1. Limited to region 120-141, what total is found for residues that are outside any helix (DSSP H, G or I) and within 28 Å of Pro294 (Cα to Cα)?
2. Gln377 fails exactly one of the following numbered conditions: (1) out of contact with any helix residue (DSSP H, G or I) (no Cβ under 7 Å at 6 or more places or on another chain); (2) exposed (fewer than 13 other Cβ atoms within 10 Å of the Cβ). What is the number of that condition?
3. Residues in region 178-201: is at least one assigned by TED's automatic domain parsing to the domain that holds Thr160 and under 15 Å from the mean Cα position of the chain (by Cα)?
4. For region 34-76, how many residues are among the aliphatic types (A, V, I, L, M), out of contact with any Cys (no Cβ under 6 Å at 6 or more places or on another chain) and outside any strand (DSSP E or B)?
5. Within region 77-99, can you find the residues that are out of contact with any Phe, Trp or Tyr (no Cβ under 6 Å at 6 or more places or on another chain) and either part of a strand (DSSP E or B) or not assigned by TED's automatic domain parsing to the domain that holds Leu33 (or both)?
6. State yes or no: is Phe355 crowded, with 19+ Cβ neighbours inside 10 Å, within 23 Å of the chain's Cα centre (by Cα) and either at pLDDT below 95 or not in a loop (DSSP other than H, G, I, E, B) (or both)?
7. Inside region 142-192, can you point out the residues that are under 23 Å from Met205 (Cβ atoms) and of a type in the set (Asp, Glu)?
8. Look through region 318-349, keep the residues that are at pLDDT 95 or above, of a type in the set (Gly, Ala, Ser) and out of contact with any His (no Cβ under 9 Å at 6 or more places or on another chain), and return whichever of them is farthest from Ser245 (Cα to Cα).
Amino acid sequence: MQNIILFDSPEIHQNLLPLTFTRPIADLRVGILTIREKWERRLPGNYSYLTEQYLSKKYAVHTEKCNLFIAGHILPTEELIETAVNLQPGEACKSGDKTILYKGAIDEFLKQQYSRSIEYEQPFCCIEMLYDIFMKNETAIEQDFRLITTGRKSAPLSPTNTVIGEHAYPDGLSKIFIEDGATVECCSLNLTEGPIYIGKDAELMEGCCIRAPFAACEHSVAKMGCKIYGATTLGPYCKVGGELSNVVMTGYSNKAHDGFLGNAVIGEWCNLGAGTTASNLKNDYTEIKLWHYPSHRFLRTGLQFCGLIMGDHSKAGINCMFNTATVIGVGVNIYGAGFPRNFVASFSEGGTSGFTDVALNKFFATAEKMMIRRNRQLTEIDKEIFESIYNQAENFK
């Protein structure tokens, strides 16, 4: 089986902070699956990562004499896979001036000493900026849905549910798929704009109103009366309530009560308290600017809609309010009345009255308590990663 390395472009890894503070790019979730999972299902191999040095102990790279290198921000297509399979040792595939595929030894890859380069001219989907995750989630859900469900039989849908729209695509593929162990009762499911995927042991409680495209990954929960608009993804073990529109929740995070969240990306192990609401549209309808870590400033996005971007292990107390296009780092604790500023650096706590540093030992204690509830442990390697992020945070305070 071939050795496949998903590599991070340093520039794009920086663009995708704070979400990539704690993971390689290919571990980002867009659609139903992470980028790595998409490649694994389409192109069998032994996968590892080539990422930032401080992440490499947890996400170690495994090399052999000849390896297939794939840019970790690119979503697979049949054409890309065919190109990758047909690469000869020493050959690279580029899109413009960026290498997207290479076959050969790691030393030559790092030095970009390619025996031959070919230009890739076919269209492909990639994640280069934070807002790409929610903007491209609709297409990714559709692609993942077909990848996961084609040739398989769904568990039966309870007759207590109301289904709106055509139940199948023109080619006969069902537009709703329920994995074993999932529970869906007394819900309104609108398939007009795409598919609905309900993962293993996930639950949509009674009264949920869901508009496709929508994905609830394994063990996720939508609470009673939840209103969810597409394209929305609930990652594994996420719990949501209230109103969501075009949201990607990576995994193990909660927004379990009333409040609005739209055009947003939430990392792992986050919690939004009851009543927390995040704006996704400015009152004057002008173009949105979003915090950009490499530039240390807010950059124009060309977007009219953009909500909350929240890094791993961040929290918001009850009735918190977030301005349009707010970026929250890793390990942040927001509380109090009013709107905090549009960018909050990692390991900060407070609100409109100001912020103070979060001590690492206090952060570790909270993270351990939250993770143990899901039978997960905060390892010593995890702590080393957070220490590195903590040191980096000083540059943004």
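The values are calculated or read from the model by the stated rules, or taken from the named source; none is laboratory data. Just so you know, these numbers come straight off a predicted model, no measurement behind them. Note: ideal-geometry Cβ built from the backbone for every residue, glycine included; neighbour counts use all protein chains shown.
1. To start, the set of residues in region 120-141 that are outside any helix (DSSP H, G or I) comprises 120-131, 136.
Next, from what is left, pick out any that are within 28 Å of Pro294 (Cα to Cα): 120, 123-131, 136.
Qualifying residue count for the region: 11.
2. If we test Gln377 against (1) out of contact with any helix residue (DSSP H, G or I) (no Cβ under 7 Å at 6 or more places or on another chain); (2) exposed (fewer than 13 other Cβ atoms within 10 Å of the Cβ), just (1) comes out false.
3. Taking region 178-201 as the starting set, the residues that turn out to be assigned by TED's automatic domain parsing to the domain that holds Thr160 are 178-201.
Retained after the next criterion (residues that are under 15 Å from the mean Cα position of the chain (by Cα)): none.
No: zero hits.
4. Step one: list which residues in region 34-76 are among the aliphatic types (A, V, I, L, M), which gives 35, 43, 50, 55, 60-61, 68, 70-71, 74-75.
When the remaining residues are screened for being out of contact with any Cys (no Cβ under 6 Å at 6 or more places or on another chain), the result is 35, 43, 50, 55, 60-61, 68, 70-71.
With the extra rule that they be outside any strand (DSSP E or B), the set shrinks to 35, 43, 55, 60-61.
Residues that pass the stated criteria total 5.
5. Answer for region 77-99, where residues must be out of contact with any Phe, Trp or Tyr (no Cβ under 6 Å at 6 or more places or on another chain) and either part of a strand (DSSP E or B) or not assigned by TED's automatic domain parsing to the domain that holds Leu33 (or both): Glu91, Lys94, Lys98, Thr99.
6. Details: crowded, with 19+ Cβ neighbours inside 10 Å: yes; within 23 Å of the chain's Cα centre (by Cα): no; either at pLDDT below 95 or not in a loop (DSSP other than H, G, I, E, B) (or both): yes.
No; evaluated as a whole, the condition is false for this residue.
7. Across region 142-192, the qualifying residues are Glu179, Asp180, Glu185.
8. Checking each candidate, the answer is Ser348.
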